[in-house]
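S.K.: So that we are looking at the same thing, I have put the structure below in structure tokens.
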Amino acid sequence: MALGFLIALEIAARHYGQPGPITNQAREVFFLPKSGPLLYAGMALMMVVLSWRERFIAAGVAIGIDLVFLAVRWPVDAPETHGHPFGNGALWVLLGYAVIAVTRRTGKERALLLKGVGLGLLLVAGRKTGDTWLLITSKTQPTVLDQYVATADQALGNPSWLVGRIVRATGPVGEHVLDYVYIQLAVAAVVIALYQMRHVAAERAFPRHHLVRTFLVIGLLGPGIYMLFPVVGPIFAYGVNGGQFAVTDVWPDTPPPIDVPHGMPFNDFTPRNCMPSLHTAWATAIFIHSRQGPRLMRFAGTFWLITTLGATLGFGYHYGVDLVAGVVFTLTIEAAMRAFARGWDRSAIQLVAYGTSVFGALLLSYRFLPLEMSKHPWVAGPLLILAMCSVILGYVRTTKQWEPKAVPMLKPEPEPQPQLV
């Protein structure tokens with residue numbers, strides 16, 4: 001199924017004169033990778049099935065291959081503006097272990113190693129499919145709905161405009177921190193996933209549910225919503241990045257005026273990737289799964305969620321209502337993935353159905369009731385937050401029932417002691 005999906009995206013990208021995910025991934029075997037840290041993160045996921053000795057060997061081989069590539073590129077002064085100077089070695093190790101699994105392993109050991117390789121390659125391929133999806137959204141959706149979303153966002157007080165001014169006031173330091181967090185979201189997810197899979201090598205089996213599963217499903221379903229609700233974001237629709245296609249250049253200094261919204265034509269290269277905010281969705285998934293870890297991991301999950309929300313709003317990539325939809329979107333998918341792992345029951349069906357209904361209601365309200373929402377912000381704003389909180393509460397209460405109950409240990413009854421006569 002994954003291979004068929006990749007082939008379909010490759011054909012679609014070729015139709016628009018661009019290389020697809022398979023071509024882009026194949027190029028990284030020899031050319032500069034777009035994201036070296038992501039390739040090493042994928043290799044780290046694969047290594048959960050290896051022994052510690054094999055892990056050290058795999059890491060050493062990957063670093064050695066990267067040093068060889070660097071030594072070859074350096075004399076010819078290969079340009080590094082479109083990628084990282086490392087990461088090829090990690091991809092070679094991933095592909096090498098796929099060959100080892102087929103040629104040197106049998107039975108359950110072969111299946112386990114192939115699962116590890118597949119998990120690492122799926123994470124890497126997910127980035128490539130996402131890039132192709134964004135290309136397709138820009139080519140197939142000439143009209144965007146930013147005016148509808150910006151008008152609905154008045155109910156929340158235009159948070160993107162507010163946070164944008166705050167981020168600008170922090171200067172280069174704040175911008176660099178938020179930018180790094182925003183870009184390396186997948187690497188943070190791998191750190192949480194590695195903790196969840198820390199016993200795979202000993203138990204010779206993967207956990208039934210882990211973060212990577214939810215992460216990939218979010219990335220698979222999200223672009224489909226982009227096609228239904230194309231939005232480019234305030235920095236493009238209301239800022240300098242939109243050029244001649246922007247409504248006006250007011251972000252983040254002046255909130256847009258309340259007016260009757262209309263669909264607006266936009267260029268054919270800016271991704272329509274706002275509704276829902278998938279960065280918010282992924283950061284929410286990281287936060288949820290970090291709750292199962294130690295205190296430091298819980299703190300890191302909270303930090304990543306807060307900074308990601310700040311980056312999505314502060315850089316003008318999303319509106320506030322995008323984030324509300326992104327949280328509901330994630331909780332619904334996470335509930336479905338957990339139900340798929342443990343078995344569906346009435347509570348799981350109700351939770352997923354409720355989350356889906358709320359998500360659909362949010363999209364419909366953004367599209368057909370934005371003017372009413374902007375005119376009555378003290379009603380519409382709390383209702384949006386209440387709808388999101390109801391899904392959060394439903395998720396917490398339902399999943400708490402799914403947790404295994406601890407069986408209390410029975411204290412042994414005191415036995416009568418023999419008395420000495």
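The values are calculated or read from the model by the stated rules, or taken from the named source; none is laboratory data. These figures come from a predicted structure and were not determined experimentally. Note: ideal-geometry Cβ built from the backbone for every residue, glycine included; neighbour counts use all protein chains shown. Surface areas here come from the heavy atoms of the whole protein model, side chains and all, with no ligands, DNA or RNA. Shrake-Rupley method; radii C 1.70, N 1.55, O 1.52, S 1.80 Å.
S.K.: Restricting to DSSP loop positions (anything but H, G, I, E, B) with no more than 13 other Cβ atoms inside 10 Å of their own Cβ, which chymotrypsin sites (Phe, Trp or Tyr not before Pro) remain in the stretch 261-357?
M.R.: PHE269, TRP344
S.K.: Please pull out the direction-averaged projected area of the stretch 1-80, using the convex hull of its alpha-carbon atoms, in nm² to one decimal place.
M.R.: One quarter of the hull surface, i.e. the mean projection, equals 6.9 nm².
S.K.: What is the percent carbon and sulfur in the accessible area of the chain, measuring with a 1.4 Å probe over the protein chains and ignoring ligands?
M.R.: C and S atoms contribute 68 percent here.
S.K.: Placing unit charges on C-beta atoms (Lys and Arg positive, Asp and Glu negative, everything else neutral), compute the dipole magnitude of the chain about its Cα centre in debye, rounded to 20.
M.R.: Value, rounded to 20: 1400 debye.
S.K.: Right, another one. Cut-off 10 angstrom, C-alpha nodes, Gaussian network model of the chain. Which of PRO294, PRO382, PRO271 fluctuates the most?
M.R.: PRO294
S.K.: FRET efficiency for PHE368 and PHE269, Cβ-Cβ distance as r, R0 = 30 Å, nearest 0.05?
M.R.: For PHE368 and PHE269, the calculated efficiency is 0.55.
S.K.: May I ask for the equivalent-ellipsoid semi-axes of the stretch 143-265, computed as the square root of five times each C-alpha gyration tensor eigenvalue and listed largest first in whole Å?
M.R.: For the stretch 143-265, the semi-axes come out at 37, 20, 11 Å.
S.K.: Okay, moving on. Between ASP253 and ARG14, what is the label-to-label distance in nm when each label sits 7 Å out along the Cα-to-Cβ direction?
M.R.: 4.9
S.K.: Give, in whole angstrom and from largest to smallest, the semi-axes √(5λ) of the equivalent ellipsoid of the chain, with λ running over the eigenvalues of the Cα gyration tensor.
M.R.: 39, 33, 20
S.K.: Work out how much length ARG295 to ARG168 would gain on full extension: take 0.36 nm times their residue separation and subtract the Cα-Cα distance, in nm to one decimal.
M.R.: 42.6 nm is the gain from fully extending ARG295 to ARG168.
S.K.: Then there is this: Could you sort 224-234, 84-94 so that the peptide with the highest average Cβ count within 10 Å comes first and the rest follow in order?
M.R.: Listed from highest to lowest mean packing, they are 84-94, 224-234.
S.K.: Taking the dipole about the Cα centre of the chain, with the C-beta of Lys and Arg at +1 and of Asp and Glu at -1, give me whichever of MET373, GLY314, ALA59 is farthest to the positive side.
M.R.: Value computed over the given set: ALA59.
S.K.: Could you calculate the FRET efficiency of THR103 with ILE63 from 1/(1 + (r/R0)^6), where r is the beta carbon distance between them and R0 is 35 Å, rounded to 0.05?
M.R.: For THR103 and ILE63, the calculated efficiency is 0.90.
S.K.: Something else now. Scan the chain and report its longest stretch carrying no trypsin sites (Lys or Arg not before Pro) that are both in a DSSP loop and have at most 15 other Cβ atoms within 10 Å.
M.R.: Value returned for the longest uninterrupted segment is 292-404.
S.K.: Of all the C-alpha pairs in the stretch 172-240, what % are more than 13 Å from each other?
M.R.: Beyond 13 Å sits 77 percent of the P(r) for the stretch 172-240.
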